[in-house]
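Just so it is clear, none of the values below were taken in a lab; they were calculated from the coordinates. Treat the numbers as computed from the prediction; the structure is a model and nothing was measured. Please note: Cβ atoms are built from the backbone with ideal geometry, for glycine as well, and neighbour counts cover all protein chains shown.
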Amino acid sequence: MTKKNEEIYLIDGSSYIYRAYHAMGGLSNSKGFPTNAIFGFCNMLAKTMRERAPKRIAVIFDAKGPNFRYEIYPAYKANRPPTPDDLQIQIPRIHEIVEAYRIPSISVPGFEADDIIAALSRLAADKGWKVTIVSGDKDLTQLVSDGISMWDPQRDVTYDREGVSKKFGVFPEQMLDFLALVGDSSDNIPGVPGIGPKRAIALLQEFGSLEGIYTNIDRVAQKSVKEKLVGNKDNAFLSRKLAELRFEVPLPVQPEDLVVQEQDSEALREIFKELEFKKLLEELPARRCLDFSGYCTISTMEELLEWVETFRRVRRFAVDLETTSTEPMRAKLAGLSFCAESGKACYLPVGHTQGSQLKKDEVLTVLRPVLEDETIFKFGQNIKYDMIVLKREGITVKGITCDTMLASYLLDPSRRGHSLDDLAESCLEHRTIRITELIGTGKNQILFSEVDIENATKYACEDAEVTCRVAEILCPRLETEGLTKLMNEVELPLIPVLVDMEIAGVRIDIPYLRTLSEEFGEMLKSSEEAIYEMAGEPFNINSPKQLGEILFKRLGLKGVKKTKTGLSTSLEVLEELALEHELPRLILGYRSIYKLKSTYVDSLVNLVNPETGRIHTSYNQAVTATGRLSSSDPNLQNIPIRSTEGRKIRAAFIPDDGYAYVAADYSQIELRLVAHISGDERLKQAFIAGEDIHAITAADVFGCSLAEVVPEMRRRAKEINFGIIYGMGPFKLAGRIGVGLKMAKQYLEDYYRTYAGVRQYMEEVPERAKRDGYVTTILGRKRFLPDLNNPNKIAQQAAKRMAVNTTIQGSAADLMKLAMIRVHDALKKTGLPARMILQVHDELVLEVREDVAREAQTLLKREMEHVYPLSIPLVVDTAIGKNWDEAH
DNA sequence: GCGATACA
DNA sequence: TGTATCGC
């Protein structure tokens, strides 16, 4: 009896494992457990389940041990190296995952997965079922027929009879003969040596089959081909036997039994969590474990006063604002939510377009004393945002004792994603209501103030409750990890500093930028013309694809360098190519100008806030793995520092009328920290003596006196010093200073001989980190480096460099943050008409009323230099100017 | 040596 | 979603 409309999916498990393993190198979770094969396999499986949702399905694996092919041909797969360890340990997890999906899995001793698939697909096809083989392996296309097709979810292509022919040039029934001729080096199947895919296709198209070829062997025109075929007839037929799939497999199950059951989502959640498969976790059915019944909307003054009483009584609560924008300087307040104890939360709408609400001003008047009372503790998630919005409403929030985003960041700065949604998932195993569920996405997005109050209440109360609960989990964790002090003395006190900086913003010289835009535009135009001229046709220079066409096809330059999705056109490659052709040099110039023009010159104007007339760069405190701040809109860290173009952009940052800039930057803070932390006496002495450190290094490395150091020697020494900080290898160093590899090695050797303390330090840091699992900075900031135990040597080396570099960069970041807090305090105490407006790299910039510029300069230098007691002096260079460039 | 942001 | 360029 044939059943219509029945279908079955047969997944070629083993081949996906190998494919994933080889396609993705180095993937592992934060504990260093390799996950590349599992990841690739899971994605394939998840995609199949998501898009096809088959009722009948099985994953087929190779069985352990030999199979019949070895008996026919002992050398079968002989050249295949044994399964690598880091793949082997992934395999049990893959089986667990298949089990958790409740998908039947099959393997049969003595047979390969391909044979089992062959047998099953024939059985199912005979019943009239539609069979889909899930695989990317061309060997299996020999099974494709009317009822059997093959699908590769990775490339998302389906092969039916025509598809196979189109892709491989032969029909499914010829595939076996094709394989017999071509062989398979990875399985050590010989085929006919000298016959490649092209020739095999031609032969099969002409003679139909292997037998056809050999019965008509005299008609093979090319003599050499004929000789090869004749000489290797046995090989050809042996190869066919090896590639031929067996249908008579003793199957442990029948196709009818291969029914998928409901997946065990909890088991999958556990596994994905451990492996850190974020996207797959996200795809699991949401688990919403918070109870909304204790949530309420505040719509009367009585209710509000009652809540305020509660805040005064319990003396700690979580706050969260709902607004109309993610940019705090543009956001309009829609409402506030609070949570003082788990299970209970309230939403206080003040700016919704519909529904009855209390008046914002009255509400804020009632809330102000509580929010500004520093003895009543507040928790928040990225509370800097809320503080900016509230400060614009005239309220200075005090008493922040926990920011869940920062807590999460301190606990694991390399983790990406410290959003409330992430924390709810990882700390509470709760899937929060997503903002897009309320306001939609893209063009149809509405403002939060337009959301109806009932839904807004659920959303906002949930956020407040999650913040409260997460704070209760993360704060004790900070304590046990020894991070509380860093939190209380650095990260939390830094928040009000950043709040003031972001609110202050910076003035931009718009007319100047317009002329600069024209100037850069002219440069681009002429550069563009020259490029088109040289290329012979106009094209989109910014498209790496089109550029690649021109460079490598049209001009025939050899794109021997890097690839991934085509040939690379990176700086490195273009510089190499510049030796042979002028065009790459022009492209390089074009690119740098274009980037500056588009990301700074033209976009700075768009960032100007219409209300304040200034730009309000946002400083992110929870992004970098080393502890540095990052900035966006605009990203100040990326403005070229030395080039004329970069300086022109900095000149667009100007102080208010009657004000000046005072800029201060730490001189050599990283090398100084190397001296301090490593305790290397010679390096310390150099800094204590206050000498030019690069010149001293030059004298030490090149074995001469300080007076004999010429500029070129100093330049090389400078590169060596950089190399030390960034963990540069001798090869890279050689490239940078333009000497041979041997010479660079010698330099490093000489350096380490002179500064033995530095060498010891650079060796000890990764060792200790390997023991502890993390490195620490001068103020105890941690960064976990699981890759120190990664069997992948490349990843391990990288982690070693990060270990050293993080202690240096991270310590510098610690001190800079401390300095910002000190300077901010000092300015407040002295009441100087000055405010901090920029922080970038190792530099701080104040906007100061002109008449007190010198005073501010002295204060800035003093506070920064005495930020923290060290065994070497910190030196800060300062300058005053009428724009940011001048202040150098 | 990689990171962070921005653009295609 | 991926790649490049600036930075440290």
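Annotations for the structure displayed:
- Charging the Cβ of each Asp and Glu at -1 and of each Lys and Arg at +1, and nothing else, the dipole of the range A:670-808 about its Cα centre rounds to 540 debye.
- Exposed chymotrypsin sites (Phe, Trp or Tyr not before Pro) absent - longest run of chain A, DSSP non-H/G/I/E/B, at most 16 other C-beta within 10 Å: A:540-888
- Cα long-axis angle, helix A:301-314 against chain A (0 to 90 degrees, to the nearest 10): 90 degrees
- Using the Cα coordinates of the range A:507-613, the gyration tensor eigenvalues translate into equivalent-ellipsoid semi-axes of 32, 15, 11 Å, sorted from longest to shortest.
- Beta bridges by DSSP in chain A, antiparallel share as percent, to the nearest 5: 65 percent
- Each Lys and Arg Cβ is given +1 and each Asp and Glu Cβ -1; about its Cα centre, the range A:579-634 then shows a dipole of about 100 debye.
- Between residue A:202 and residue A:445, the contour length at 0.36 nm per residue exceeds the alpha carbon distance by 81.7 nm.
- Anchor residue A:793: lysines whose Cα lies under 20 Å away (excluding residues fewer than 8 positions away in-chain): A:31, A:732, A:770
- Cysteine residues of chain A whose Cβ has no partner cysteine Cβ closer than 4.7 Å: A:42, A:289, A:296, A:346, A:402, A:427, A:461, A:475, A:704.
- Spin-label zone in the range A:455-483 - amide nitrogen under 11 Å from a point set 7 Å from the Cα of residue A:286 along the C-beta vector: A:459
- Cleavage-rule hits (trypsin sites (Lys or Arg not before Pro)) in the range A:37-77: DSSP loop, at most 12 neighbouring Cβ within 10 angstrom: A:55, A:64
- In the range A:7-257, a dipole from Cβ-located charges (positive for Lys and Arg, negative for Asp and Glu) runs towards its positive end, and of A:148, A:8, A:82 it is A:82 whose Cα lies farthest in that direction.
- Relative to the longest principal axis of the Cα atoms of chain A, the long axis of helix A:669-678 lies at roughly 80 degrees.
- Restricting the trypsin sites (Lys or Arg not before Pro) of the range A:399-470 to loop positions (DSSP other than H, G, I, E, B) with no more than 14 neighbouring Cβ atoms within 10 Å leaves A:416, A:434.
- The modelled label-to-label distance between residue A:274 and residue A:222, using points 7 Å beyond Cα along the C-beta direction, is 5.4 nm.
- Within the range A:236-323: Cβ-based charge dipole about Cα centre, in debye rounded to nearest 20 (Lys, Arg +1; Asp, Glu -1): 480 debye
- Compared with the dominant Cα axis of chain A, that is its longest principal axis, helix A:91-100 is turned about 90°.
- Both radii were evaluated on the Cα set of the range A:670-808; the Rg over Rh quotient, with Rh as the Kirkwood radius, amounts to 0.99.
- Each of A:53, A:201, A:271 was scored by the projection of its Cα onto the charge dipole of chain A, and the greatest displacement toward the positive side belongs to A:201; charges sit on the C-beta of Lys, Arg, Asp and Glu.
- The smallest convex shape that holds all Cα atoms of chain A, its convex hull, gives 223 Å³ per residue.
- Loop-located GluC sites (Glu not before Pro) in the range A:168-270 (DSSP state other than H, G, I, E, B) with a sparse environment of at most 14 neighbouring Cβ atoms within 10 Å: A:248, A:262.
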